[in-house]
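In what follows, a single structure is set out as structure tokens and then discussed.
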Amino acid sequence: QRLKAAVHYAVGCLCQEVEEDKDVQFSKQSIAAISEITFRQCEIFAKDLEMFARHAKRTTVTTEDVKLLARRSNSLLKYITQKSEELASSNMEQKEKKKKKSSAAKGERTPGEQEAAETENEDSKMA
């Protein structure tokens, strides 16, 4: 019930924005109808996503499942793919920062620093 109310509220807010931009009016009945259709479509999407993950023998829905769901809308698929790539690159950057912090805290060297130190040792042995 709370989720349905939240969808109704969000649809109402979106309709209000459209009213201001396009100078049109939405009746309460039309907002309620849009809310109901949106909620039902979200339920269908959730079931489809669950089935996609289950078919792949997984218990977790992935971005690939969401892309599969959005495959019929080229613009939506493009948007989801773009956002997915942005999140992936952001996550990689955060992981790299954590690795650097943890290795610096432990006094460890990064692979590049380790290689430089080994080269330096070999050069000093040759001299």
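Coordinate-derived values only; no laboratory data. Since this is a predicted model, take the numbers as computed values, not measurements. Positions of Cβ are backbone-derived with ideal geometry, glycine not excepted, and every protein chain shown enters the neighbour counts.
For a Förster distance of 35 Å, can you work out the FRET efficiency between the beta-carbons of GLN82 and GLN25, rounded to the nearest 0.05? List each step's numbers first, then the result.
Details: r = 35 Å, r/R0 = 0.99.
Working from the Cβ atoms, E equals 0.50.
Among the GluC sites (Glu not before Pro) within the range 1-107, which fall in a DSSP loop and have no more than 12 other Cβ atoms within 10 Å of their own Cβ?
none
Provide the per-residue ³J(HN,Hα) series for the range 17-31, in order, calculated from phi with Karplus coefficients 6.51, -1.76, 1.60 and θ = phi - 60°, each as a whole number of Hz, with x at glycine and proline positions.
For the range 17-31, the Karplus curve yields 4, 5, 4, 5, 6, 9, 6, 10, 10, 10, 7, 4, 5, 5, 5 Hz.
Step through the table entries LYS28/LYS67; LYS4/LYS95; LYS4/LYS57, compare each Cα-Cα distance with 32 Å, and write down the pairs that go over it. Before the final figure, lay out the partial values.
Working: LYS28/LYS67 34 Å; LYS4/LYS95 37 Å; LYS4/LYS57 30 Å.
As for pairs spanning more than 32 Å Cα to Cα, those are LYS28/LYS67; LYS4/LYS95.
Around ILE37, with a cut-off of 14 angstrom between Cβ atoms, what is the net charge of the other residues, counting Lys and Arg +1 and Asp and Glu -1?
Charge balance near ILE37 sits at 0.
Apply the Karplus curve 6.51 cos²θ - 1.76 cosθ + 1.60, θ = phi - 60°, to the phi angles in the range 33-43 and return the couplings in whole Hz, x for Gly and Pro.
5, 4, 4, 5, 5, 4, 4, 5, 5, 5, 4
Between the DSSP loop rule and a limit of at most 12 other Cβ atoms within 10 Å, which trypsin sites (Lys or Arg not before Pro) in the range 37-95 are left?
Details: sites: ARG40, LYS47, ARG54, LYS57, ARG58, LYS67, ARG71, ARG72, LYS78, LYS83, LYS95; in loops: LYS57, ARG58, ARG71, ARG72.
Within the range 37-95, the qualifying trypsin sites (Lys or Arg not before Pro) (loop, at most 12 other Cβ atoms within 10 Å) are LYS57, ARG58, ARG71, ARG72.
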